[in-house]
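The values are calculated or read from the model by the stated rules, or taken from the named source; none is laboratory data. This one's a predicted model, so the numbers in the text were calculated from it and none came from an experiment. Don't worry about glycine lacking a Cβ; one is built from the backbone with ideal geometry, like all the others, and counts go over all protein chains shown.
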Amino acid sequence: MLWTRLCRIGPSHRLKCWTYLAIPKTLCSHSSSIQPKEGLSGPFPLKYDSNEVECGWYDWWKTRGYFQPCPTSEEAPFTLLLPPPNVTGILHLGHALSTTIQDAIVRRKRMQGFNVSWMPGSDHAGIATQVVVEKILAKKGVSRHALGREKFLDEVWKWKHEKGGVIFEQLARLGASLDWNRTTFTMDQSHSEAVTEAFVRLFDKGLVYRALAPINWSPQLQSAISDIEVDHLSVEEKTAIQIPGCDQPVEFGVMFDVAYKLDGSEEEITISTTRPETILGDVAVAVHPNDERYSHLIGRHLVHPFRSDTIPIIADTYVDPQFGTGALKITPAHDANDFEIGRRHDLPIFEIMDRNGSIANSKSDFDVSSVLIFMEKKNIIKSDCNYHFKGLSRFAARERIIEELKTRDLFRGSKSHSMQIPICSRTGDVVEKLVQPQWFIDCDQMAANAMSVAADGQLVFHPTSYHNVWKHWLENIRDWCVSRQVWWGHRIPVWKAHVKGQEDHWIAARNESEARTKAEIHFQSKEVVLSQEEDVLDTWFSSAILPFANLGWPQMESNEKGFPNSMLETGHDILFFWVARMEVLLHGVVCDSQGRKMSKSLGNVIDPLVLMQGTTLEKMCLQIRTANANGTIDDKEMSKALEATVKDYPEGIPVAGADGLRFFFFVYDIKAQHINADTTILRSSSSFCNKIWQASRFLVGSLDRSPQLIPWKMEPYLAQNRWILSRLAVTVREVNEHFDSYDFYLSSQALRRFMYTNLCDVYLESIKHILIDPAHPDFRETASVLHQALISGLTLLHPICPFITEELYHRIPLLEGEVRSESMMIQSYPSYCDFEHYEDSNLMSEMEVALDLVTAIRDQKKNYDLKRHHKPKIIIQYSKSNVHGGLLELKDIIIQLCQIEAITWAKDVSNLDPKCFIKSSIDRDTWIWMDVQGMLDLEKEFVKLTAKRNQIRKQLEKLTKKLSSRKNHAKQAKDMDKVALLEQTLVELDDREAWLKAFK
């Protein structure tokens, strides 16, 4: 037996490095030498079982090396990075959606001949991972501080090695064709070196600096966090919210009015604030320079409510005269806007809160001697009024301060007020603004560069609307605070160099030896004492360089093909974190069917593995009750979640498999802002897979019955064969167009329409009588066409549903002269130019008319409860001469689809016996006459008529009562129209009854 190595032509018409199989002409089934899975050569299973179908293929693909790029290939490269899931993570619907999208893209690219590299990785997730490990240690009664930095990091690494690979196993279950040989963890040595190199280069270019500035501080985390890690919770009125670390709920949504007395006068200015605890750090009151209420007071001083000093009244255009009383208290130490106002007016900074979120002691808890700051060091002051409240938590201090203000007759009332509360996305704690020494990256020039590449088309967004979102964000860019006060992460590669008698100097270096060399050169001294920065870098700093580092940077600069990436696919909610110069596809946020973001606290989170494997209603309800018992979900939300679960999943969640879940995702427009995933429609995805399975089984059974060889790609003669190939051509065009524009839901619609409706519901039903009989003169042509249509459809579908398509690809025998690759993964993806000659718009238009007629005939049979064995004769009465012209060729198709004995067309039907025929109209020019002699159950028809008449009479009675009480003329007119329609229906029922009586 002769096997030859063939080559596939890719987009650059160069050779591909995979093996193709030329099947000898005498062979009509797969050779056992390429069987990748047991059982494929046995009987074709009666039912589609996703567990059986999806078992084994992933390991076989991986073993065959299909996931890896060919290192010697000269094909066009296509590189894509899987946005690294947190090492703490398990697969959720957002991950599953993103992975499905990316896998569909890269599978299609491989099939189109690209040399694909899709690289996986996991993110060390500094804050999230540290929180998880700290909770584990806390259960053992151990804190990280008690362990010390090195031992704590050992515990984190231990946890990572035990738990960190779970999500990769889940991605494999979903079918993600990732190049596992290039798996990266952001704390790996190679990646850590890239992180260090990037930081040092930025530092040496003057883009990294250390500054005292307002930062987002999470007291619960004891760390700074970025703006994008701050969620904003909106409250419309006074609302009690449970805050981590607080025994009692804290009230928010309250505006407090406080009086500041004018120095040397009984006159006062009332300020409004939602954070009275920060009054301790007030250094001024600002008013708008054009506000006539206060213009005469500008320059005067107010007595501070608690400190033994006065504060100035200043004028600043930032103040909104319409907000509150139009007088704004200025607290530079604890508000970013106040900090900027303070800088403009050279105001001091009074610190009143420590890193725990408590009122601070009198001594500063950080050293500012070596900090680059925006203000003079002399202006940084510890408040001297804190002794009344020191040690109190910020919210306890709030209550005490209100009480004290009332005692001093300075409290002027409170009222509900809408506001946004800054919440730490990691802990749920309220974020505070603290002025702390941190490391920042100057983003101005980088933002300008990013806007430039977007403007000239190097950076392309899908959907395009995000270009403006991106631009607006970059136009208002702020420098990035990259230091975090946690232990797990990349320790910032900077050293403070100290030489006695000289000012300390910060040095960035790749290691301590390099830092010492740089320091000795700077100081011209060998007496240098080095101490490395304790803080670590923001996790997103390391994630942002993954597209480069995964391809070998900095060892390789830009000489590797595909460097840095061809595109990025990610959720629009992380647009601002790490989008680089590439084509960017942004998908929406996955919500539940009601449009609510999936949240453990709402009880609406569904594990994608559960959707694949199925579960019972009892288990779903138990999970919700367990979450309530654990405090994750409150009683009110538990009741809602249970009610919704029982309503939506009365029989639990059926098994969908990976293919069913993947196809389910592609039902939705992934570029929409929100994807309201109604998982109850998963059943239709499973039904789709089963339909394809049964069609393939029918084909295989037909080929097994054939005593003769079936040629591959016979020229079609029959109308239904020409029609299905025409529909195939259209589908190939549509699927490719929609894939190229990332409108995957339109691709899936086109595939479902072709595979489910055109192929299975119409074409198969019209040819079954042919393929059941191998002696039928049209058997060979029809078998060949069905084979081509099915294999082509499966190939189009493979990027979305890889498992079932691979299984059927191996189960469907090869035809005489057919050439296939050994796997669907490397089969050439259908191109419209290869199918264009099949497209016949006239035939498809005629078929549309025929199918409308089929629907009308089927409806008429259904209305009279005609059984499948009842095959009436049909006469189509028409008034226009050309109505039936194109349908004559399709007559046999109509007969097969409608299960009728015969169909004829006639203008004159006066010779028909009305007692033998039932009549219905298609339109005003066309009527269907159906010969139903001996087929009707007249008694049953009379019962149905009586029931229908009674139903309509009840509706009429109800509407008549409504009309008598209606005062709205517009609604009255609508009801009268309904009455007229119902009365007309009664007349028609009377006519039908008379006809049935005559039919007796």
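Side notes on the structure shown:
- Selected residue (only one of VAL494, VAL486, VAL482 is aliphatic (A, V, I, L, M) and touching a Gly at 6+ places or on another chain (Cβ under 8 Å)): VAL486
- Of the residues making up the stretch 431-449, just one is over 14 Å from PHE339 (Cβ atoms), in contact with a helix residue (DSSP H, G or I) (Cβ under 8 Å, 6 or more places away or on another chain) and either assigned to a strand (DSSP E or B) or of a type outside the set (A, V, I, L, M) (or both), namely ILE441.
- Selection status of PRO830, more than 24 Å from ASP740 (Cβ to Cβ), assigned to a loop (DSSP other than H, G, I, E, B) and in contact (Cβ under 8 Å) with a residue 60 or more places away in the chain: no
- Residue match in the stretch 761-770 (condition: under 35 Å from the mean Cα position of the chain (by Cα) and more than 16 Å from TRP712 (Cβ to Cβ)): yes
- Hey, ILE800 among the aliphatic types (A, V, I, L, M), more than 27 Å from PRO711 (Cα to Cα) and not assigned by TED's automatic domain parsing to the domain that holds LEU890 or not: yes
Each row is one residue, and each column tells you yes or no for (1) at pLDDT 75 or above; (2) among the aromatic types (Phe, Trp, Tyr); (3) in contact with a Phe, Trp or Tyr (Cβ under 9 Å, 6 or more places away or on another chain).
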{"residue": "PHE576", "(1), (2), (3)": "no, yes, yes"}
{"residue": "GLY595", "(1), (2), (3)": "yes, no, no"}
{"residue": "VAL605", "(1), (2), (3)": "no, no, no"}
{"residue": "LEU611", "(1), (2), (3)": "yes, no, yes"}
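- Selection count, the stretch 613-635, where residues are at pLDDT 80 or above, assigned to a loop (DSSP other than H, G, I, E, B) and surrounded by 14 or more Cβ atoms within 10 Å (Cβ to Cβ): 1
- Within the stretch 912-922, the presence of at least one residue that is touching a residue at least 12 places away in the same chain (Cβ under 8 Å) and among the polar types (S, T, N, Q) is confirmed.
- Subset of the stretch 811-842 (residues that are surrounded by fewer than 14 Cβ atoms within 10 Å (Cβ to Cβ) and more than 30 Å from the chain's Cα centre (by Cα)): VAL819, CYS833, ASP834, GLU836, HIS837, SER841, ASN842
- Residue within the stretch 860-881 that is closer than 29 Å to ILE767 by Cα, in contact (Cβ under 8 Å) with a residue 60 or more places away in the chain, assigned to a helix (DSSP H, G or I) and out of contact with any helix residue (DSSP H, G or I) (no Cβ under 8 Å at 6 or more places or on another chain) present: yes
- Matching helices (runs of 4 or more DSSP H) fully within the stretch 650-766 where at least 1 residues are modelled with pLDDT under 95 and β-branched (Val, Ile, Thr): none
- Restricted to the stretch 653-669, and to residues there that are surrounded by fewer than 24 Cβ atoms within 10 Å (Cβ to Cβ) and touching a residue at least 60 places away in the same chain (Cβ under 8 Å), the residue that is farthest from ILE800 (Cα to Cα) is VAL655.
- Among (1) surrounded by 14 or more Cβ atoms within 10 Å (Cβ to Cβ); (2) among the small types (Gly, Ala, Ser); (3) touching a residue at least 60 places away in the same chain (Cβ under 8 Å) - the single one ALA906 does not satisfy: (3)
- Enumeration of residues in the stretch 260-277 that are touching a Phe, Trp or Tyr at 6+ places or on another chain (Cβ under 8 Å) and crowded, with 18+ Cβ neighbours inside 10 Å: ILE269, ILE271, SER272, THR273, PRO276, GLU277
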